[in-house]
Ligand SMILES: *Cc1c(COP(=O)(O)O)cnc(C)c1O
C-alpha cells in the first residue's frame, strides 16, 4: 500500500506560529542541565480543588443516572444554581431555562460561539494582547479578527472610538475579557456602559469573558458586564469554575445573557458535543451554592502571594502594573530588551520561566507575564534570584 502526504486543512496551516516554542525548548534544556526552575509561566492554579467539591463529585459519580448522556444545555439544577449565584453576586436576574447554558469549560463556548454567528468576510473585534482562543475561534469560523490594542495609556481598555467606521460596520462580534488575561486590568461599569452603546449602535454581539471575576484583591469585586443597562440585549458573559475553585481539569463553565446568542451557541453544541458530565455539574452546584468561603480562602492565598511578589519586583527595579484582580503580573521589560530576550534572560540568569507578552498578540510586545500560581516561598526565591543576578 502506498502512503500519501497527509495535508492539514488551510485553517490549521494558517494558525499563528506557536510563540512559546522557543521558550519551551530553553526550559527543557535548563531542566536537563539540572536547573531548579521556578515556573511563573503557567496560568493554572497549583492548589487542589476544595474538599467539599471533590466529595460531592465522589458521591455523584456513583449514581447511575449520571452515567448516561447529559442534555447539551446542561442540567436545570445547575443552571438554576448559576442564576441564583448571579443574583447573589451581581444582582443580575437570569432565567435558568434560556438565559444560562452549561459549557464544557468556558474555552469550549468561546471557541464555538463564532461558528454560530460569523460568516466568511465578517469581522470579529478581538483584544490584543488577549486569550488566543478569540482570534483562533474567529479564523476557524472563516471570520477575520480585527485587533483592538490594549495599551497602558488607555488602562488596557480598547479605545472604541479608534475602531474605523467600516470595520465597525463589518463587525459581527466582539470579545472582551475583564479582569484581563494577561494584563490583570479590570473594567468598571462606565466602560461596560460604553460597550453596550457601541454594540447597539453597530449591531455587534458582545462576548464578555469573565473567567477571573472571582479572583480579586482588597475586597474590590469586579462587576459583571450584565450589570450594565441593556447588556442582555447585546451579548453574553462567559464564566468558569476553573479559576474560582481550582477546577481547571474538571471542564465546567457556563454562558449567560442574551437568549438568542445562547440559542445559537446551543445549536452548535448540540451538533458537536453532548454536554458536560452530570456528576461534574453536581460538583459545580456545590461550588456555586456553598463555595463562598472556599473562594475567600483561595483569594487570601493569591493576595498573600501578590503582596510577596510585587514589592520584590519593584525592589529589583521592574515596572509592574498594579494588581487588583486575576493572578497575572504584567511586567514592562527593561530598556534594551524585547519580550523574547527578557524571557530568555530571566531563564538563563535566574532559572525563572515567564511568558513573553507578544505571545498574546503584537500589542503585548515590550511586556512579560508572570503568574501567581506558585507557592509564596518560590515567589520570594524568584525575587532573590533576580537580585543576585543583578537585574
Ligand atoms: C483560564 C481562562 C479561561 C477559562 O477556561 P476554562 O475553559 O473555563 O477552563 C477563559 N478565559 C481566559 C482568558 C482564561 O485565562
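Rule-based calculations on the coordinates, nothing more; no lab input. Computed from a predicted model, the values in this text were never measured in an experiment. Cβ sites come from the backbone with ideal geometry, for glycine too, and all protein chains shown count toward neighbours.
Out of all Cα-Cα pairs in the range 217-369, roughly what percent, to the nearest whole number, are more than 19 Å apart?
Pairs farther apart than 19 Å: 68 percent.
For the range 188-210 and the range 275-307, what is the centre-to-centre distance using only Cα atoms, to the nearest Å?
Cα centres, the range 188-210 to the range 275-307: 28 Å.
Report, in whole Å, the centroid distance computed from the Cα atoms of the range 121-136 and the range 336-372.
A separation of 22 Å, based on Cα centres.
Quick check: residue separation of residue 218 and residue 159 times 0.36 nm, minus the Cα distance between them. What number comes out in nm?
Between residue 218 and residue 159, full extension yields an extra 18.5 nm.
Once label points are set 7 Å from the Cα along Cα→Cβ at both residue 152 and residue 332, what is their separation, rounded to one decimal in nm?
The two pseudo-label positions are separated by 0.2 nm.
Based solely on C-alpha atoms, express the radius of gyration and the Dmax of the range 39-157 in angstrom.
For the range 39-157, the Cα-based Rg and Dmax read 18.6, 56 Å.
How are the C-alpha pair distances of the range 302-391 spread across 10 Å bins, as whole percents from the shortest bin up?
18, 55, 26, 1
Counting DSSP beta bridges in the chain, what percent are antiparallel, to the nearest 5?
50 percent
How big is the gap, in Å, between the Cα center of the range 59-78 and the Cα center of the range 148-176?
Using only Cα atoms, the two centres lie 40 Å from each other.
From the gyration tensor of the Cα coordinates in the range 207-297, what semi-axes in whole Å does the equivalent ellipsoid have, largest first, with each one equal to sqrt(5λ)?
In descending order the semi-axes read 23, 20, 9 Å.
What number, rounded to the nearest 500 deg cm²/dmol, is the helix-based mean residue ellipticity at 222 nm of the chain, given -39500 (n - 2.57) per DSSP H run of at least four residues and division by all its residues?
Estimated from H runs of four or more residues: -12500 deg cm²/dmol.
If you wrap a convex hull around the Cα atoms of the range 289-330, how much volume per residue is inside, in Å³?
Spread over its residues, the Cα hull of the range 289-330 gives 55 Å³ apiece.
Assuming a viscosity of 0.890 mPa s and a temperature of 25 °C, what translational diffusion coefficient in µm² per second does Stokes-Einstein assign to the range 102-229, Rh being the Kirkwood radius over Cα pairs?
After rounding, the answer is 165 µm²/s.
If you bin every alpha carbon distance in the chain into 20 Å steps from zero, what whole percent lands in each bin?
Per 20 Å bin, starting at zero, the Cα-Cα P(r) for the chain comes out as 27, 57, 16, 0 percent.
Can you give me the distance in nm between label points at residue 7 and residue 84, each placed 7 Å from the Cα along the Cα-to-Cβ direction?
5.5 nm
What FRET efficiency comes out for the pair residue 30/residue 324, r = Cβ-Cβ distance, R0 = 30 Å, nearest 0.05?
After rounding to 0.05, the efficiency reads 0.35.
Express the relative contact order of the chain as a whole percentage, based on alpha carbon pairs under 8 Å and six or more residues apart in sequence.
Over the chain, the number comes to 24 percent.
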